[in-house]
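A short worksheet on the structure shown next.
The values are calculated or read from the model by the stated rules, or taken from the named source; none is laboratory data. Computed from a predicted model, the values in this text were never measured in an experiment. As a convention, Cβ positions derive from the backbone with ideal geometry for all residues, glycine included, and neighbour counts pool all protein chains shown.
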Amino acid sequence: MTDVKKIALVPGDGIGKEIVPVAWEVVKKATSLKLESKLFDLGADRYLRTGEVLPDEIKEELKSYNAVFLGALGDPRVKPGVLERGILLALRFEFDQFANLRPMKLYRKDLTPLKNLDQLDVMFFRENTEDLYIGAGGVLKKGTPDEVALQELVQTRKGVERIVRYAFDWAKTEGRKKVTLIDKSNVLTFAHDLWQRVFIEVAAEYPELIADHLLVDAAAMKMVLAPETLDVVVTTNMFGDILTDLGAAVCGGLGLAASGNINPEGLSMFEPVHGSAPDIADKNTANPLATVLAGSMMLTHLGDSDGAKKIDDAVYYVLNENEVTPDLGGSLTCTEVGKKLEAYLEGQR
Ligand code: NAD
Ligand code: IPM
Ligand code: MN
């Protein structure tokens, strides 16, 4: 059947193994699409058992899927970077998921630690395939007093242009007003000068949108003091990583921050912004809502905007009823929040 959408489930490590099964049940309840799924065993357990991170056969197999639904990677038993680079970044790079969409959205007024913030709906577009993330560099004279460590920041015109254009296109389609470039062009006078020039060129093609600019240090301040002055943001891989955790904190924490890694012509991947949270893993206390909201982004991407809206409504419902996990001041378990969302969706049918 051609209309079946194949979803690869990659729970990964830590709380990823708790939140993905819960969020997946919610996605299935909300959608009218025919979904077929397969669970992929990737992460610390497989690595410690077999030495493999992302085997070639799995990369090949994933090509036949319509989306990846991912939890998180990273485990205290494994050296930092092995799983994060070897699986998560490998998937983003292999499938050229260049646009990382990260909404900074306030779902309930009192969830923000800020004073006088009533509503917020900012969309971050984080470049997802270049920058300091490419893994170029090396070490000389390791372990000696003369040690040298290099990590290279690489930006290409094509890479910068496609994310900037993607952000402007999205802003135009969604009827947004302003696109802000966040960079450090006052110091990174080669790499971020390229961002500046490309941004100005692309912005000229969208006269209906205001093209704005902030240096990253001032942007961090603005995200706390006046986040409502932002609308659509486009930024680099590293700055986007850091600023979207800050954005999550402004909107009630990592438990609510969703993320889509998009290749508009290929395989896209949906996941929460947060990591594997080893400090709370195996306790069934992790907040599943970030992953549930990533599921909503996945349904939008697959063409089911009704299903996506149902998920969003269900999230608003549990938030308003305070049927939430301890990070949001509630006392429910991860599984219980999932059941509340499912019950709401059943009532909707
Ligand atoms: P983290 O995002 O895992 O956790 C940060 C803090 O937020 C912790 O106190 C955690 O308990 C809390 N938290 C995160 N998600 C939560 C949720 N759903 N519900 C309730 N509380 C939640 O970041 P970290 O501790 O810096 O990293 C832990 C591991 O995760 C590391 O191995 C790191 O490399 C990895 N990581 C993976 C991803 C990813 O897979 N996308 C993202 C970030 C970090
Ligand atoms: C994220 C994470 C990853 C990143 C890490 C785990 C590689 O922090 O998705 O935000 O830096 O992109
Ligand atoms: Mn991050």
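Here are a few things to note about the model shown:
- Odd one out for residue 133, checked against (1) surrounded by 11 or more Cβ atoms within 10 Å (Cβ to Cβ); (2) assigned by TED's automatic domain parsing to the domain that holds residue 329; (3) hydroxyl-bearing (Ser, Thr, Tyr): (2)
- Put simply, of 95, 124 the only residue that is within 14 Å of ligand 2 (Cβ to nearest atom) and aromatic (Phe, Trp, Tyr) is 124.
- Qualifying residue in segment 48-59 (condition: more than 16 Å from ligand 1 (Cβ to nearest atom) and in contact (Cβ under 8 Å) with a residue 40 or more places away in the chain): no
- Residues satisfying the stated conditions in segment 30-43, i.e. buried (at least 22 other Cβ atoms within 10 Å of the Cβ), at negative phi and either small (Gly, Ala, Ser) or touching a Cys at 6+ places or on another chain (Cβ under 6 Å) (or both): 30
- Hits in segment 8-29 (condition: crowded, with 23+ Cβ neighbours inside 10 Å and part of a strand (DSSP E or B)): 10, 11, 12
- Top-ranked residue in segment 100-116 [being away from ligand 1 (no atom under 16 Å from the Cβ) and out of contact with any Leu (no Cβ under 7 Å at 6 or more places or on another chain); ranked as farthest from residue 198 (Cα to Cα)]: 110
- Scanning segment 60-84 for residues that are under 20 Å from residue 268 (Cα atoms) and assigned to a loop (DSSP other than H, G, I, E, B), we see that the one that is nearest to ligand 1 (Cβ to nearest atom) is 73.
- Among the conditions (1) assigned to a loop (DSSP other than H, G, I, E, B); (2) within 16 Å of ligand 2 (Cβ to nearest atom); (3) outside the structural domain of residue 76 (by TED's automatic domain parsing), residue 205 misses just one, which is (2).
- Taking segment 301-315 as the range and being in contact (Cβ under 8 Å) with a residue 40 or more places away in the chain, more than 19 Å from the chain's Cα centre (by Cα) and part of a helix (DSSP H, G or I) as the test, the residues that pass are 306, 307, 310, 314.
- From the options 227, 207, residue that is out of contact with any strand residue (DSSP E or B) (no Cβ under 6 Å at 6 or more places or on another chain) and within 27 Å of residue 260 (Cβ to Cβ): 227
- For segment 168-181, the criterion of being buried (at least 17 other Cβ atoms within 10 Å of the Cβ), touching a residue at least 40 places away in the same chain (Cβ under 8 Å) and either farther than 23 Å from residue 264 by Cβ or among the aromatic types (Phe, Trp, Tyr) (or both) is met by at least one residue.
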